[in-house]
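In what follows, a structure is listed as structure tokens, so that the remarks can point back to it.
The values are calculated or read from the model by the stated rules, or taken from the named source; none is laboratory data. Not measured: the values here are computed from a predicted model. Here the Cβ positions follow ideal geometry from the backbone for every residue, glycine too, while neighbour counts run over all protein chains shown. These accessible areas exclude ligands, DNA and RNA; they are computed on the full protein's heavy atoms, side chains included. Shrake-Rupley method; radii C 1.70, N 1.55, O 1.52, S 1.80 Å.
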Amino acid sequence: QRLDLERNSIGVRGAEKLATMLMHNTALRTLFLSKNKIGNDGVAKIAIALHLNNAMQTLILDDNEIDDNGARAIAVMLTHNTGLIELDLCHNKIGRVGAELIAESLRYDNRTMHKMFVHDNPFPMDLGDKMWRLGRINAECVDCTQKEVARKKRAEFGPTLNQIYSFIRSRPYLYQLSE
């Protein structure tokens, strides 16, 4: 039910082979692919497989060099996948366009996502806020670390630490805060 391939440098070719397996495997529930350099092409293959496979519940894709193009594939997958409840996209290169696409897929199409990790991506804070608002509608979808919220808010608006704390506390739909 769980496969951990973290730090195996599987790259795009490994992701393609894994995607082929995922199209037919309904037993696997959790897949860890952190730090594997799968990039946009690799995540696109996996997204296509998960478009068809609703058995997967947790997908960890942090630190895989995914940018807006890979986020586009993830957004399309999220509009069709009804099994995924947790997705980790931290430490990638998802910008404004990719974050908007994912946010829109959560807003209109996906009702099963419960937890999404997106910190340490270069999209603006207003999009993080938009994802949180959509998360409120969609079963508390987005998780962000208190440290990242503080850094982004300070960079854009310059609030005090107390203002940041108030900001976080005023959003009860944040699923989990972690250091």
Practice task
Taking 7 Å along the Cα-to-C-beta vector as the label spot, tell me the I48-M21 distance in nanometres, rounded to one decimal.
Solution key: 1.8
Fill in the blank from the handout: Contact order relative to length for the range 1-81, counting C-alpha pairs under 8 Å separated by 6 or more residues, stands in percent at 34
Completion exercise
With all protein chains present and a 1.4 Å probe, the order of F123, F32 from largest accessible area down is F32, F123
Problem - Neighbourhood net charge (15 Å Cβ-Cβ; Lys/Arg +1, Asp/Glu -1) for A55 - result: +1
